[in-house]
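J.: Right, I'll just put the structure down here and ask away after.
The values are calculated or read from the model by the stated rules, or taken from the named source; none is laboratory data. None of the values given here were measured: they were computed from a predicted structure. Here the Cβ is made from the backbone with ideal geometry for all residues, glycine too, and neighbour counts use every protein chain on show. All accessible areas refer to the heavy atoms of the entire protein, side chains included, with ligands and DNA or RNA removed. Shrake-Rupley method; radii C 1.70, N 1.55, O 1.52, S 1.80 Å.
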Amino acid sequence: MLRAVAGRRRDPVALLLSLRERYGPIVHIRVGDTSQFLVSSTDAIRHVLVDNSRNYTKGPAYELLGELLGRGLVTSEGEHWRAHRRLVQPTLQRERLDGFVGLIRAAAEAEAEDLLALAPSGAPIDAYARMNTLALRIVTRTLLGGDIAGREDDVHDALGIVFDHIESLSSSRLRFLELLPGGSRTRGLRMRLGRLPTRARRRFEQAIAALDAIIFDVIERRRRDLDAGRAGVDLVSALLEASDEGAGGLDDRDVRDEVMTMFVAGHETVATALTWTLYLLAIHPDVQEGVAAEAEAALPVAADLASTMRLALGRRVVEESLRLYPPIWRLSRFAVADDVIGGFHVPAGSVVIVSPFVVHRDPEHWPDPDRFDPARFQAERATGRERLAYLPFGAGQRMCPGGSFAMLESLLVLSTLCRALRFAVAPGHAPGFEPRVALRPAGGMPLTVERRA
């Protein structure tokens, strides 16, 4: 048990991989007075995330996020979640995404121009920091519309304060107590201490209040626009259009919670995916040249969703990057009642872990799994592959509804940047993992850039 605790603190990604390799597709770990199960077979994953998903809730692990997200799709459960899912999912369908192509391309082209200006210096850029800012700019404009220009920096700063506070609580040394015998009784201690009126707590509350002020202001203006017959293309407008309070729709607080959820789900995860994809292209220059050539031929005429999604090589590159470095590297579920998974008795209160990072490296489904090979996603090679062997956006009813948006954004940004620039890894840099909510690169991602002729 102590070895598992130490491994979790030191390198949780390597720990999960080693447990799978040593003990097989279902691993029972006794941590303190809590049972944890790492499941990586597609049958076990189907049982937890699809067939018996009502027995597996998000559980205590999502309490910290709940202070920021409220009762959005990530943190809510039961009938509240199902009702919101029915209203929110249509706002991310194909017709709505089509209207975002021009906006995403404009933001990506502005980023390319900025990088072209930096290229002559030869100094490395931090691709993670740049993709973080770019992804925030895109998600802010698609969520709230273009009329918050001038307040994007306020959103960025406030989200930074919020995430830093949540991360400090989630990585607190008090977590060690929860992993010891009897530690379940201390589970709420971090939350209680985190609510003490410290300076960090006051900054956290002020940051949430600043975000709320911006979001509620946009909601109020969008309601006025809709009343006047002017429908916007942003997602706040879409949520309000889907809303009908008399029929159990979304009130302003519900819309706020879903907007905040989309900020989190559509910001750092996309930024992390783009960063790892640029890294993979930097160390595979032949594939990078192919992506650049495809973008040069297609982007001048790719003005809508359908033509953008025909960037076949770029799409396979993004899919393979999501396989090797899935931003959401670990999903946890809380067993409500006793269950049996693959012959293992799972007591109520157990934590069940599904790691896309581990599943995506299973040689049963992915030959030579550590090798970067975008051709894996050609139609003829994907035929017959287990659907649940690939989980970049989860699975089952709680699969991320923004997966199509994330793919569109990643594909457009990647193709736009590679059309203008050539990327290489900064000399001497070997990236590592900083596995937080998303699978960040430790210490950023220094890449050199040069203008493409």
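J.: Put H165, H284, H156 in order of accessible area, largest first, 1.4 Å probe: what do you get?
T.: H156, H284, H165
J.: While we're here: With charges only on Cβ, +1 for K and R and -1 for D and E, what is the dipole size of segment 333-453 about its Cα centre, in debye, rounded to 20?
T.: On the way: 14 positive and 12 negative charges, 114 e Å.
Using only the charged Cβ atoms, the result is roughly 540 debye.
J.: Give the Debye-formula value of log10 I(q)/I(0) at each listed q (0.10 Å⁻¹), with one equal scatterer per alpha carbon of segment 34-117, two decimals each.
T.: The Cα Debye sum returns log10 ratios of -0.49.
J.: In addition: Per residue, how much accessible area does the chain have with a 1.4 Å probe, in Å²? Each step should come with its number before you reach the end.
T.: Details: 19500 Å² over 453 residues.
Computed with neighbouring chains in place, this is 43 Å² per residue.
J.: Right, another one. I'd like to compare 377-387, 415-425, 338-348: which one has the highest average count of other Cβ atoms within 10 Å, and what's the full order after that?
T.: Details: 377-387: 10.7, 415-425: 22.0, 338-348: 14.1.
Top to bottom by mean Cβ count within 10 Å: 415-425, 338-348, 377-387.
J.: Report the relative contact order of the chain, percent, no decimals, based on alpha-carbon pairs under 8 angstrom and at least 6 residues apart.
T.: That works out to 26 percent.
J.: Of M260, L116, A348, which is farthest on the positive side of the dipole of the chain, counting Cα position, with +1 on Lys and Arg Cβ, -1 on Asp and Glu Cβ, and the Cα centre as origin?
T.: A348
J.: Ok, one more. Could you give the Stokes-Einstein D for segment 310-391 in µm² per second, using the C-alpha Kirkwood radius, 37 °C, 0.692 mPa s?
T.: Translational diffusion coefficient: 227 µm²/s.
J.: For a quick check: with amide H placed at 1.01 Å from N, whose amide H comes under 5 Å from E434's, ignoring anything fewer than 5 positions away on the same chain?
T.: Under 5 Å from the amide H of E434 lie the amide H atoms of R440, A442, each far enough along the sequence or on another chain.
J.: Turning to a different aspect of this structure: Using only DSSP helix segments of four residues or longer, with each worth -39500 (n - 2.57), what per-residue ellipticity at 222 nm results for the chain after dividing by its residue count and rounding to 500?
T.: For the chain, the value works out to -16000 deg cm²/dmol.
J.: Also: Note the full-extension length gain between S53 and I283 as 0.36 nm times their separation in residues minus their Cα-Cα distance, in nm to one decimal.
T.: In short, 78.8 nm is gained.
J.: Give me the percent of accessible area attributable to carbon and sulfur for the chain, probe 1.4 angstrom.
T.: The C+S portion of the solvent-accessible surface of the chain is 53 percent.
J.: Report the equivalent ellipsoid semi-axes for segment 356-408 in whole Å, largest first, defined as the square roots of five times the eigenvalues of the gyration tensor built from alpha carbon atoms.
T.: 20, 13, 11
J.: Where does each of 365-375, 315-325, 109-119 land if you order them by average Cβ count within 10 Å, highest first?
T.: Ranked from most to least packed, the peptides come out as 315-325, 109-119, 365-375.
J.: Cα-Cα pairs above 18 Å in segment 289-440: how many percent?
T.: Details: 7686 of 11476 pairs.
Cα-Cα pairs in segment 289-440 separated by more than 18 Å: 67 percent.
J.: Could I get the Rg over Rh figure for the chain? Both from C-alpha atoms, Rh via Kirkwood, rounded to two places.
T.: 0.95
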